[in-house]
1. Given the conditions (1) at pLDDT below 95; (2) among the basic types (Lys, Arg); (3) in a loop (DSSP other than H, G, I, E, B), which single one is not true for LYS326?
2. Can you find a residue that is under 20 Å from LEU121 (Cβ atoms), within 20 Å of the chain's Cα centre (by Cα) and in contact (Cβ under 8 Å) with a residue 60 or more places away in the chain anywhere in the range 41-53?
3. Every residue in the range 159-204 that is β-branched (Val, Ile, Thr), within 20 Å of GLY312 (Cβ to Cβ) and free of Cβ contacts under 8 Å to residues at least 40 places away in the same chain, please.
4. Applying the selection to the range 224-276, what residues are farther than 23 Å from ALA155 by Cα and of a type in the set (S, T, N, Q)?
5. Please go through the range 307-351 and pick out each residue that is hydrophobic (A, V, I, L, M, F, W, C), more than 16 Å from ARG361 (Cα to Cα), surrounded by fewer than 24 Cβ atoms within 10 Å (Cβ to Cβ) and more than 11 Å from the chain's Cα centre (by Cα).
6. Please list, ordered by first then second residue, the pairs with beta carbon atoms under 9 Å, 6 or more apart or interchain, first in the range 239-254 and more than 27 Å from ALA45 (Cα to Cα), second in a strand (DSSP E or B) and among the hydrophobic types (A, V, I, L, M, F, W, C).
7. For the range 52-70, give me each residue that is of a type in the set (D, E, K, R) and either over 22 Å from ASN40 (Cβ atoms) or not in a loop (DSSP other than H, G, I, E, B) (or both).
8. Looking at this structure, is LEU103 of a type in the set (A, V, I, L, M, F, W, C), closer than 26 Å to ALA248 by Cβ and assigned to a helix (DSSP H, G or I)?
Amino acid sequence: MHEKLRKISDKYAIVGVGYTQQGKIPNRTALSFYVEAGVNAIKDAGLKKEDIDGLICYRQFRPMNNEPEVTPYLVAQYLGIEPTALSQESYCSRHHIMHAISLLEAGFCNYILLIYADNALSGGRMFIDEATHPETKEENFLFGDFGFVGDYAIAARRAMHEFNTGPETWMEIAISQRKWANLNPNATMYKKPLTQDDYINSPYIVEPFRKFDAALISDGGRACIITSVERAKNLPNPVVSISGIGEANPSIDIHQSKYMAGPTGAKKAFKMASEMSGITIEDIDACEIYDCFTYTVEITLQDYGFFKPGEGKYFFKDGYTAPGGKLPINTSGGLLSEAYFMGMTPLTEGVMQLMGRCGERQLGEKTGTKKPEIILCSDNGGVLQTHSTIILRRLS
């Protein structure tokens, strides 16, 4: 299988990124952010709306404030496009890029627009009642488990027992990512430093997670466009190719799983992406990791093989992943300190870094780091139930 995948390594590229305002933006619908992000991505890629023949939307949470349900058909209508293919991924699926590449490789589409957006913050969504299995959430409530935060806390608590991780390690992750956000004017936590005292004195949300261990809730949207490398060469932005991609789906509900402290799907997904691209851990210049919680960053990098179980507390010390560090991680601030747009936050940041368009946080001379050629991105769904690994390469 991986031999066949090698034939499409570096064959497809991400050519445009669409941002919106992000943070708390009242009086906006989720649909309006979808449309704005999509329009901005099309413009950024130097394309016209008539060029877009594929549309993939991330999973959308329940509508709020009597808004209409966001569907890809509605998004296409408001964008004024008539795509050959459109879809909206299901509950915890994370195979958007794989889906896009499949459509391109089969010849169904030439330019695919991928979008996620929401108005969760101004609308007051807290994700508390989003249980892993909605049909059993009332039973979970009886045991004090109120959705994703509690479910990830179960995994993190098990990891504390298995390999002696905990708040000292997670504090380093949170602080390092905040330092990146402090260089990013678009970040929600721009100009808001985070100290050790701030972290230690912050309240628990679900023990062992404190306030700064959890991702932000954000209004806004993020989009990107995927096409062939050959077409990308005729567009205005530097060419950033998809060198490798891997997927793995452990699938088991977190309450019944045996992998709470790893290995998660990250291990298999990275192996697949590595074999497809020929790129190893030693080749990676930076990582953009899906960071719904600080612990997710640790377990993902551990399963990728950057360090062994129990070594996270040494790996993240002394700013190793911060500006000026040897392995930059989540250079926009990530979901923890920039904004929550699911896997689009890490993916688009990886693209922008390789395009050299990140201003004061740009990897290279400005941040005392290596100029990047290869960036590893991840996405994670459910509660460690599904994992996607994407290796990006700068071609020009």
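The values are calculated or read from the model by the stated rules, or taken from the named source; none is laboratory data. All figures in this text were calculated on a predicted structure; none of them were measured in a lab. Glycine also receives a Cβ, built like all others from the backbone with ideal geometry; neighbour counts cover every protein chain displayed.
1. Evaluating LYS326 over (1) at pLDDT below 95; (2) among the basic types (Lys, Arg); (3) in a loop (DSSP other than H, G, I, E, B) leaves (1) as the failure.
2. No, the conditions are met nowhere in the range 41-53.
3. ILE200
4. Within the range 224-276, THR227, SER228, ASN234, ASN237, SER241, SER243, SER274 qualify.
5. PHE307, PHE315
6. As it stands, the answer is none, since no pair meets every condition given.
7. ARG62, GLU69, listed by residue number.
8. yes
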